[in-house]
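The values are calculated or read from the model by the stated rules, or taken from the named source; none is laboratory data. Owing to the predicted nature of the structure, the values given are computational and were not obtained by experimental measurement. Cβ: placed from backbone, ideal geometry, glycine included. Neighbour counts: every protein chain shown. Just so you know, the surface numbers come from the protein's heavy atoms only, side chains and all, with ligands and any DNA or RNA stripped out. Shrake-Rupley method; radii C 1.70, N 1.55, O 1.52, S 1.80 Å.
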Amino acid sequence: MALAGMRELLEKSLAESKDVTPSDKMFLHDGELYTTMICCPETLKILDTFEARSDDVILVGYPKTGTNWVGQILVELEAASGKYDEEERKKRCTGQNEKELLLFPYLEFGDPAKFERMKKLPSRRVVKTHLAPQKLPKSIYQKKAKILVLFRNPKDTAVSYLHFANGMKLFPTQKSWDEFFSDFISGKVPYGLYLNHIIEWNKYLDDKNVMFMTYEEIKENPALEMKRMAEFFDFSVSKQEIQSIVEKTTFKAMKDQAAETNEGIGNILFRKGIVGDWKNVFSEAQNEEMDRKFEEIVARTKLGKMIKYDVYCKG
Ligand code: PPS
């Protein structure tokens with residue numbers, strides 16, 4: 001689901017959240033924290049009523065791993081592959097269908113009636129979520145819908161998360177980096193401990209319906225990674241179409257596009273878009289703590305190795 005709808009709905013939530021008392025900004029569901037600004041307990045309770053289709057394009061990524069970016073890439077690939085007329089292509093790429101159905105563009109966001117409304121979306125639907133694998137609706141696995149799982153190095157993810165959380169006023173109070181780091185590393189943030197998501201996904205290494213990719217790989221060679229996405233999801237796209245999507249989805253192009261319609265949220269969603277910003281923020285002690293925790297929990301797993309922690313989180 002494309003980004004335009006996301007911005008409008010976030011803007012609305014931000015405005016409405018002014019009336020929410022600080023203690024009501026977070027809630028617990030099934031052992032995990034969520035933010036009331038975008039999630040509601042009733043929706044999470046009936047998540048399993050979501051009816052996946054076998055041709056759904058599912059994108060899963062912990063918050064701040066680049067899900068808006070890759071979501072837009074997938075929407076563009078789907079539209080190019082669908083060979084729609086210009087009007088339909090535009091509708092799909094700007095999220096017009098979702099906007100008409102008042103759909104928050106992440107599966108677990110918004111009101112519980114959304115799952116009924118989602119039935120009206122034409123195939124192929126691009127569905128984004130920040131949920132961990134064990135929390136995904138069962139029908140996604142039953143229907144064998146293909147899932148792209150996105151990772152980003154945990155240090156940049158943490159820095160990006162803090163800026164988003166403060167910008168969107170997700171927490172009862174604004175957090176300093178030190179306060180946020182200690183919450184992030186102990187999993188006291190919405191969606192819990194990032195490293196646990198990696199461990200859980202490691203159980204799906206042999207599932208041919210699941211593909212893993214990193215933010216850093218896409219940054220390094222977007223055309224190559226888009227080709228991999230297209231092959232995985234069976235999108236039929238030409239080299240030229242991929243090149244055009246590479247250009248449309250650069251950080252600058254997406255930020256400029258967001259600024260055209262909504263300055264405020266655009267600046268929160270598109271902050272820096274770089275690899276290695278953590279070096280400006282982490283203290284020596286925080287580096288050591290994160291390195292230790294990564295080593296303890298994920299470093300020896302296959303996905304832990306795929307993240308290339310030594311390349312992106314050291315030095
Ligand atoms: S959210 O709010 O949880 O859905 O955030 P998410 O979209 O997953 O991640 C936000 C970070 O992705 C960066 N971003 C991009 N990077 C590179 N290229 C493009 N086109 C792009 N679009 C978004 C965004 O700037 C956030 O990272 P930071 O480090 O904060 O800049």
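Taken as Cα centroids, the stretch 262-315 and the stretch 195-213 sit 19 Å apart, rounded to the nearest whole angstrom.
Sequence-distant contacts, meaning Cα pairs under 8 Å at least 6 residues apart, place the relative contact order of the stretch 146-286 at 34 percent. Expressed to the nearest 5 percent, the antiparallel share of DSSP beta bridges inside the chain is 25 percent. Annotation: CYS313 carries an accessible surface of approximately 0 Å², with a 1.4 Å probe and no ligand, DNA or RNA atoms counted. Taken over the stretch 158-306, the percentage of Cα pairs per 10 Å bin, counting from 0 up to the bin with the maximum distance, is 9, 28, 35, 24, 4. Legend: residue pairs LYS99/LYS248; LYS169/LYS314; LYS203/LYS239; LYS175/LYS314; LYS114/LYS135; LYS64/LYS144, Cα-Cα distance threshold 23 Å; pairs beyond threshold, LYS169/LYS314; LYS203/LYS239; LYS175/LYS314; LYS64/LYS144. Hydrodynamic estimate: the Kirkwood radius of the chain over Cα pairs, inserted into Stokes-Einstein at 20 °C and 1.002 mPa s, corresponds to D of 108 µm²/s. Put simply, when 51-64, 216-229 are sorted by average Cβ atoms within 10 angstrom per residue, most first, you get 51-64, 216-229. Take every pair of alpha-carbon atoms less than 8 Å apart whose residues are at least six positions apart; their mean separation over the length of the chain yields a relative contact order of 25 percent. Taking every protein chain into account, the 1.4 Å probe leaves PHE184 with about 10 Å² of accessible area, to the nearest ten. Rolling a 1.4 Å probe across all protein chains gives SER236 an accessible area of roughly 70 Å².
Note on LYS208: aspartates and glutamates with a C-alpha under 17 Å away, same-chain residues under 8 apart excluded, are ASP55, ASP56, GLU200, GLU231, ASP234.
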